[in-house]
Amino acid sequence: MEVPLSPEKQTQLAQLAAHRGQAADTLAAEVISHYLEQETRFVAAVNLGEAELERGEYLTSEQVGEQLERLFRS
């Protein structure tokens, strides 16, 4: 797979990789891997939240406010 980058992004990637003592390809693979891990966790969290919402497991904004007030008073 090839990922097209603008000349500016290619330069930026090369500079960052050189600063870290890595090849640009290695850094790019690490960055993509990190992004995919984060995105996977985000999608899982959204799916969990949607399932909780469908089951009626949620707080209203008023309930959240009340809980925060109690927390700050403690």
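The values are calculated or read from the model by the stated rules, or taken from the named source; none is laboratory data. Quantities reported herein were computed from a predicted structural model and do not represent experimental measurements. Note: ideal-geometry Cβ built from the backbone for every residue, glycine included; neighbour counts use all protein chains shown.
Worth a mention:
- Look at segment 2-22: where a residue is on the phi > 0 side of the Ramachandran plot, no partner that is outside any helix (DSSP H, G or I) sits 6+ places away or on another chain with Cβ atoms under 7 Å.
- Test: residue in segment 58-69 that is exposed (fewer than 11 other Cβ atoms within 10 Å of the Cβ), modelled with pLDDT of 95 or more and on the phi > 0 side of the Ramachandran plot: no
- The residues of segment 9-55 that are of a type in the set (S, T, N, Q) and assigned to a helix (DSSP H, G or I), listed by number, are Q10, T11, Q12, Q15, T26, S33, Q38, T40, N47.
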